[in-house]
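Let me begin by presenting the structure, written as structure tokens, before commenting on it.
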4 protein chains.
Amino acid sequence: MTQTHSSRPLSVLVWGENRHEQLEQNVADLYPDGMHTTIREAIEEHLGQAVSAETATLDDPEHGLTEEVLARTDVLVWWGHAAHEEVSDDVVDRVHRHVLAGMGLVVLHSGHWSKIFVKLMGTSCTLRWRAEQDREVVWTVNPTHPIAQGVPHPFIIPQQEMYGEYFDIPVPEELVFISTFSGGEAFRSGCTFRRGFGKIFFFSPGDQDYPVYHHKDVRRVVANGVAWAQTLRPERTDPQLLRYETDDFYNGHDYQGAMEN
Amino acid sequence: MTQTHSSRPLSVLVWGENRHEQLEQNVADLYPDGMHTTIREAIEEHLGQAVSAETATLDDPEHGLTEEVLARTDVLVWWGHAAHEEVSDDVVDRVHRHVLAGMGLVVLHSGHWSKIFVKLMGTSCTLRWRAEQDREVVWTVNPTHPIAQGVPHPFIIPQQEMYGEYFDIPVPEELVFISTFSGGEAFRSGCTFRRGFGKIFFFSPGDQDYPVYHHKDVRRVVANGVAWAQTLRPERTDPQLLRYETDDFYNGHDYQGAMEN
Amino acid sequence: MTQTHSSRPLSVLVWGENRHEQLEQNVADLYPDGMHTTIREAIEEHLGQAVSAETATLDDPEHGLTEEVLARTDVLVWWGHAAHEEVSDDVVDRVHRHVLAGMGLVVLHSGHWSKIFVKLMGTSCTLRWRAEQDREVVWTVNPTHPIAQGVPHPFIIPQQEMYGEYFDIPVPEELVFISTFSGGEAFRSGCTFRRGFGKIFFFSPGDQDYPVYHHKDVRRVVANGVAWAQTLRPERTDPQLLRYETDDFYNGHDYQGAMEN
Amino acid sequence: MTQTHSSRPLSVLVWGENRHEQLEQNVADLYPDGMHTTIREAIEEHLGQAVSAETATLDDPEHGLTEEVLARTDVLVWWGHAAHEEVSDDVVDRVHRHVLAGMGLVVLHSGHWSKIFVKLMGTSCTLRWRAEQDREVVWTVNPTHPIAQGVPHPFIIPQQEMYGEYFDIPVPEELVFISTFSGGEAFRSGCTFRRGFGKIFFFSPGDQDYPVYHHKDVRRVVANGVAWAQTLRPERTDPQLLRYETDDFYNGHDYQGAMEN
């Protein structure tokens, strides 16, 4: 079992768009309680008592992402696809602020095009894709990374949507996995980023049309990503622009405006 | 003289906020034609016939950054400070789109807090600072980088505003310069990033209260940065999300919406 | 207290050259039991029951670095300076092999010029220096990194040897600390690297002429580095070149020589 | 045509092991003048008057890599496979010294296991492989990189040896290409590194059993790599460890030995 770093349980919130499950029978068959529930169970399966995991969905008030909820969340897991545009900009700004202040974020699959991921990356986050039951083979290129522990090299997902390069993201700080697809495509499928005091893991396997979140190795990687993304800093604090007088390295003053400098 | 890569002159646009120069006599004395003009001259001094450089300022219609102007600009240089908030969000979105499509961007000094830089970085871009005439010593930590050519190691700026860590940016793809200040602070003062098909160089020396853009080595670095930031791609094209059928690697289809996949 | 990841205590070996302590009274006064002992105590102070730490020195048979010792060592800490050349090439090759197979390595201060560090880096590992009691200020530029936890930003070492750029190392995978010195120099003072299945942390504070390993924050960083450098992989195995038949991703064959391919 | 940066022609030396061509008829048929000649012609085809290219082989005196030859070489291109062990350690040390002092190095295909590449990387440089006529598809993941210009995305090599992950190299400073193979493997096939004042490009396509160096896009990438790898620094100088007195940033003294510090 992957260990976590703090003594209290890690507070994890799995956010699911939860639309395909309601509108498409094949998705409901694969994920009768919603994809978010299956993902939460994967995390609990591997992290056990070390986590306290909840779920929230798009149709909850404020999408279930109130200030209060985010303030107590150590790691947020995000799955969205068909309804990215329905996510409120105010909520996205709130999540963004919490990530910069130290909340971990695990972005799954089509979450690459979520407002929050695009805002954190600063790029278009576009890619090439195809939904034709390609076999995906996931290769570890960073064998000492915590997120790569406990899965075979490679691991194989029998049926998957193809995601291919060029994936328009900033160069990942750590490239953990590269995937190939039956059709010959390659994809940087496991990537880490840090933004402000927050750690971000993007992991691409996981389409709604395939039972990917029931896959043993995918479940392990998602749990590893959650454990990795937690902050080690004791408090959640925004990065701030402050003035420091000479020889005082520790007591910054608030900024008073550009003209007064 | 630094060479550029294409046969036609590189089209450079130096954007200046141009407020301090109008409101503060000491700045007007240092930069009688505006900081943007001095910066443009530095670029021309080093790149000569290889560039065609213009300027634009905040008070121009659409801040001088119309679709037409951006479409013909190879590299945009940005200096702003007191009036970041006055820059129109629509213009920022337009510049952002052009950067992702291949326009180079050189962000100078207090431009770290410009809307366009913050949007491209995805972080707060905050830092620590002090305006007390610190000596800045600029050290090259990437001695083979094109941007570091032609300047001594280190070079010294006698009087400067202090910018110190923690500078809340994504880890730079290339860290070219680290600066120290009399007070003992350190700063990652020369950093490159790529976003989409655009190349970005951030260079921190350059406060309005000091004659920094008249400094020989600063001028060379700004010109080097412009030459480096130009795209080598033949056309400006947005990164796009497209579907590719199996065995057809080259003819993507437009996306038809998430539910139809 | 920093946690470690495995259930058994982490096996740490602190290797000290142990020459200055015998030849120079001022060093013996600072480190009466040798620098390696002080460093071991720093690790024990912070990691407690989670580690089992020993020491070895240059004058031990095989420098105390036999195959048997290395095979049971999770993390090796290295301090050397005056006698790098006396370290046997065979022992260096053995340590190198164990690092590639998964042994962690923490290289301290003048160990930058040790045979093992130079061999792992592939560069000259040269730098600029001066021993004139500079004040060193250590700035965290990677605030979420495990190695940076528990120390103030910045922390200050009142007297230190100056190490300055250009430091001829490969670009660090993670740059954790940047130091400045009274004289105005900058140095990448905390850097991580991975080589094979081994994790490497270089940390520059620590000259024999100053009481640096008695410094509270330096002790914490060394301990953090040890905890970070441990491998998470279950077994120590060399990276190997193997042939894999089509559709068999898991059973590699030994290489039979270049001409038979 | 790719431009180079200096006014005199770039001095390029293509080093070929030249053994397969003499011992195996199928290789001689593909490369009647040796692989090194075909590679040299590819470079000349794309860089034209901007280069002056020569060849050298293993059986030349000192392998054709004398001090005099290396001193006038801007970029060395390396292809070796069956006879890595026959390359003299003294010559490898000499090449290594020149790379650290600013000579560019382009390492091709099985050169991943050459003594010089292994020495520069510090790792085992092992990988997985298979010689069964896989199709290799080469994807650009760094679309603004000079080395990626002028080739389609992706480009396809109909028959190739498979090289797969885990490739035991340090994390590349820039990952330019990722390849996939018919069998489903992935490989980081185009990687840059800097060591000392030298720039290094590794490019994996190119087995002796296939006509890979006659492939249009492979030829362009090799030429791009040569143009990129040239140093921009005016002189070839070793990185050196020097002492600098306080307030004298420019006049270093030679090191006098560890005990005198």
Checklist entry - Once amide H atoms are built 1.01 Å from N in the peptide plane, which residues 5 or more positions from B:E54, or in another chain, come under 5 Å H to H? => result B:V12, B:L13, B:V14
Checklist entry - For the range C:109-125, in order, what is each residue's ³J(HN,Hα) by Karplus, 6.51 cos²θ - 1.76 cosθ + 1.60 with θ = phi - 60°, in whole Hz (x at glycine and Pro)? => result 6, 5, x, 4, 10, 5, 4, 5, 5, 4, 5, 6, 7, x, 10, 7, 6
Checklist outcome for this item: Highest GNM mean-square fluctuation among B:V171, B:V51, B:V221, for chain B with Cα springs under 10 Å, belongs to B:V171
Checklist outcome for this item: At the level of C-alpha centres, the distance separating the range A:177-239 and the range C:39-83, in angstrom, is 36
Checklist entry - Which angle between 0 and 90 degrees, to the nearest 10, do you get for helix B:35-47 versus the longest principal axis of chain B when only C-alpha atoms count? => result 80
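How would C:L23, C:L120 rank on accessible area, largest to smallest, probe 1.4 Å?
Numbers: C:L23 120, C:L120 0 Å².
Putting C:L23, C:L120 in descending order of accessible area: C:L23, C:L120.
Mind running the shape call on the range A:166-236? Use the C-alpha gyration tensor, a ≥ b ≥ c as the square roots of the eigenvalues: rounded below 1.5 for a/c, prolate if a/b tops b/c, oblate otherwise.
Working: a/c = 2.80, a/b = 1.47, b/c = 1.90.
Oblate, because a/c is 1.5 or more while a/b does not exceed b/c.
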Checklist outcome for this item: Contact-by-burial set, the range B:96-120, min loss 20 Å², accessible area of protein heavy atoms with 1.4 Å probe, reference chain alone, gives B:L100, B:W113
Next on the checklist: If I build a Gaussian network model for chain C, linking alpha-carbon pairs within less than 10 angstrom, which residue out of C:G64, C:G104, C:G122 has the largest mean-square fluctuation?
Outcome noted: C:G122
Item to check | For D:S52, inter-copy label distances in nm, listed shortest first [label point 7 Å out on the Cα-Cβ vector] | outcome: 3.7, 6.5, 7.5
Checklist entry - Once amide H atoms are built 1.01 Å from N in the peptide plane, which residues 5 or more positions from D:T66, or in another chain, come under 5 Å H to H? => result none
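How many Cβ atoms of partner chains, on average, are near each residue of A:123-134 if near means within 10 Å of its Cβ? All intermediate terms of the calculation are to be shown ahead of the outcome.
On the way: counts 11, 11, 3, 8, 4, 9, 7, 9, 3, 3, 1, 1.
Taking the mean over all residues of the peptide, I get 6.
If you roll a 1.4 angstrom probe over the protein chains with everything in place, what fraction of the accessible area of the range D:10-254 belongs to carbon and sulfur, to the nearest %?
About 46 percent, which is the carbon plus sulfur part of the accessible surface.
Mind checking how much accessible area B and D bury in total, 1.4 Å probe, in Å² rounded to 100?
Numbers: alone 12500 and 12510 Å², together 22790 Å².
The B and D chains share an interface burying roughly 2200 Å².
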Item to check | 10 °C / 1.306 mPa s Stokes-Einstein diffusion coefficient of the range A:115-261, Kirkwood radius on C-alpha pairs, µm²/s | outcome: 90
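Within 10 Å of each Cβ in A:222-233, how many Cβ atoms from other chains are there, averaged over the peptide? Display every interim value, and only then the final one.
Numbers: counts 0, 0, 1, 0, 0, 0, 0, 1, 1, 3, 11, 4.
Rounded to a whole number, the mean comes out at 2.
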Checklist outcome for this item: Where a ≥ b ≥ c are root eigenvalues of the Cα gyration tensor, a/c under 1.5 meaning rounded, otherwise prolate if a/b exceeds b/c and oblate otherwise, the range D:199-261 counts as prolate
Checklist outcome for this item: Sorted by chain and number, the residues with a modelled amide H under 5 Å from that of D:E174, at a separation of 5 or more or across chains, are D:T192
Checklist entry - Between the helical axis of B:216-229 and the dominant principal axis of chain B, each derived from Cα atoms, what acute angle in degrees is found, rounded to the nearest 10? => result 0
Item to check | For the range C:10-17, 3J(HN,Hα) per residue [Karplus equation, 6.51 cos²θ - 1.76 cosθ + 1.60, θ = phi - 60°, Hz, x = Gly/Pro] | outcome: 6, 8, 10, 10, 9, 9, x, 5
Checklist outcome for this item: What the Cα atoms of chain B span along the principal axes, largest first and in whole Å, is 61, 39, 39
Checklist entry - Where a Cα-Cα gap under 16 Å defines reach, which lysines qualify for D:K115, not counting those fewer than 8 residues away within the same chain? => result C:K119
Next on the checklist: Can you give me the accessible area per residue for chain D, using a 1.4 Å probe, in Å²?
Outcome noted: 33
Next on the checklist: Tell me the accessible surface of B:S124 in square angstrom (1.4 angstrom probe, heavy atoms of protein chains only), to the nearest ten.
Outcome noted: 20
Next on the checklist: Defining the label point at 7 Å along Cα→Cβ, can you sort the distances from A:E245 to the same site in each other copy, shortest first, in nm?
Outcome noted: 3.6, 7.3, 7.7
Checklist entry - Per-residue HN-Hα couplings for the range B:143-158, Karplus 6.51 cos²θ - 1.76 cosθ + 1.60 at θ = phi - 60°, whole Hz, x for Gly and Pro? => result x, 9, 6, x, 6, 8, 7, x, 10, x, 10, x, 10, 10, 10, x
Item to check | GNM result for chain A, Cα springs below 10 Å: residue of A:R243, A:R72, A:R128 fluctuating most strongly | outcome: A:R243
Checklist entry - Which distances, in nm and shortest first, link the D:D90 label point to the same label point in every other copy, taking 7 Å along Cα→Cβ? => result 2.5, 7.4, 7.8
Checklist entry - Going by the alpha-carbon gyration tensor, a ≥ b ≥ c the square roots of its eigenvalues, is the range A:34-142 rounded (a/c under 1.5) or, if a/c is not under 1.5, prolate (a/b greater than b/c) versus oblate? => result oblate
Next on the checklist: Viscosity 0.692 mPa s, temperature 37 °C: what is the translational diffusion coefficient of the protein assembly as shown from Stokes-Einstein with a Kirkwood Rh over Cα pairs, rounded to a whole number of µm²/s?
Outcome noted: 111
Item to check | GluC sites (Glu not before Pro) within the range C:151-245, DSSP loop, no more than 14 other Cβ atoms inside 10 Å | outcome: C:E235, C:E245
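The values are calculated or read from the model by the stated rules, or taken from the named source; none is laboratory data. Everything numeric here is computed off the predicted structure, so don't read it as measured data. Cβ sites come from the backbone with ideal geometry, for glycine too, and all protein chains shown count toward neighbours. Remember, those area values only see protein heavy atoms, side chains included, never the ligands or the DNA or RNA. Shrake-Rupley method; radii C 1.70, N 1.55, O 1.52, S 1.80 Å.
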